[in-house]
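Structure record follows, encoded as structure tokens.
Read-outs: derived from the displayed coordinates by stated rules, not from any lab. Keep in mind that what you see is a predicted model, and the values were worked out from it rather than measured. Every residue, glycine among them, receives a Cβ derived from its backbone with ideal geometry; neighbour counts consider all protein chains shown.
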Amino acid sequence: EPEVTQTPSHQVTQMGQEVILRCVPISNHLYFYWYRQILGQKVEFLVSFYNNEISEKSEIFDDQFSVERPDGSNFTLKIRSTKLEDSAMYFCASSRTGQGSGANVLTFGAGSRLTVL
Amino acid sequence: GQSLEQPSEVTAVEGAIVQINCTYQTSGFYGLSWYQQHDGGAPTFLSYNALDGLEETGRFSSFLSRSDSYGYLLLQELQMKDSASYFCAVRDVGGSQGNLIFGKGTKLSVKP
């Protein structure tokens, strides 16, 4: 079964450092997302991406965050200057479509756990 | 904006039936979805209701009442492996795509 793959599975970084989290969405999916989940809390929407540009972003996705699709397969989330409160599990997801019922069916990766010290 | 309310925890025994409720408030409505997340795992899609009524997928069923802004996930013949968090989700129609917004989740513990 096709899956979304994420790397690294766990990253520990110092406050103020830059972090890049990588994702390979399912190959025939056109819509890509980043969500985060602080330990024990709900899954929070960060950003959606379609046709090589950001479609929507939440208020969490401030200027320290950026996303990119540098080639035909990878989808990256960059956190420019990490803060303690950025510690969370970051999930990449993709969907075949962004409209209709298919937009409700997201396939998530296993997540990248970010720990900021 | 949108908000979703669901119980924080539910406990049940193996073989039992459990219902996890979800009430929502949205400025528009594009269906109610349910996701399962095991500890340390990724959310996985379970079901989706766009119209009123019951959708059945094996041991799991999901119900929607749009007039009541209410839905539930019904899990039958509970198994230990069903111990997980269950999230209801709606699309945020404030954006052009309507991105999926999750509730806080219900942690289901299945006891022997």
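Of B:32, B:73, B:54, the residue with the greatest mean-square motion in the GNM of chain B, using alpha carbon springs below 10 Å, is B:54. Each residue of segment B:12-27 is assigned a 3J(HN,Hα), and the resulting list reads 8, 9, 3, x, 7, 10, 9, 10, 10, 8, 8, 10, 9, 9, 9, 6 Hz, derived from the Karplus form 6.51 cos²θ - 1.76 cosθ + 1.60 (θ = phi - 60°), x at Gly and Pro. When the Cα positions of A:111, A:101, A:15 are compared along the charge dipole of chain A, A:111 comes out farthest toward the positive end, with charges on each C-beta of Lys, Arg, Asp and Glu.
Comparing mean-square fluctuations of A:63, A:86, A:71 from a GNM of chain A with C-alpha springs under 10 Å, the top value falls on A:71. Here the calculated FRET efficiency for residue B:55 and residue A:27, from their Cβ-Cβ distance with R0 = 30 Å, stands at 0.60, rounded to the nearest 0.05.
The charge dipole of chain A, taken about its Cα centre with unit charges on the Cβ of Lys, Arg, Asp and Glu (plus for the first two, minus for the last two), comes to roughly 180 debye. Quick one: net charge around residue A:61, please, counting Lys, Arg +1 and Asp, Glu -1 for every other residue with C-beta under 13 Å from its C-beta. Summing Lys and Arg as +1 and Asp and Glu as -1 gives -2. Annotation: amide H of residue B:30 within the under-5 Å range of B:91, sequence separation 5 or more or interchain, hydrogens built in the peptide plane. Loop-located trypsin sites (Lys or Arg not before Pro) in segment A:20-117 (DSSP state other than H, G, I, E, B) with a sparse environment of at most 15 neighbouring Cβ atoms within 10 Å: A:80, A:83, A:96. For the pair residue B:9 and residue B:38, label points projected 7 Å from Cα toward Cβ lie 2.2 nm apart. Its relative contact order, with pairs defined as Cα atoms under 8 Å and 6+ residues apart, puts chain A at 38 percent.
Given +1 at the Cβ of Lys and Arg, -1 at the Cβ of Asp and Glu and no other charges, the dipole of the protein assembly as shown around its Cα centre is 240 debye to the nearest 20. Structure note, pairs A:78/B:107; A:57/B:107; A:57/B:104; A:78/B:81; A:83/B:81; A:83/B:107: Cα-Cα distances above 24 angstrom occur for A:78/B:107; A:57/B:107; A:78/B:81; A:83/B:81; A:83/B:107.
If you take all C-alpha pairs in chain A, what percent of them are over 26 Å apart? I get 13 percent for the Cα pairs in chain A exceeding 26 Å. Computed from backbone phi, the HN-Hα couplings of segment A:29-35 come to 8, 10, 10, 10, 9, 10, 10 Hz, rounded to whole numbers (Karplus: 6.51 cos²θ - 1.76 cosθ + 1.60, θ = phi - 60°; Gly and Pro given as x). The GluC sites (Glu not before Pro) of segment B:44-89 meeting both criteria, a DSSP state outside H, G, I, E and B (loop) and at most 16 other C-beta atoms within 10 angstrom of the site's C-beta, are B:77. Each eigenvalue of the Cα gyration tensor of chain B, multiplied by 5 and square-rooted, gives one semi-axis; in descending order these are 24, 15, 11 Å.
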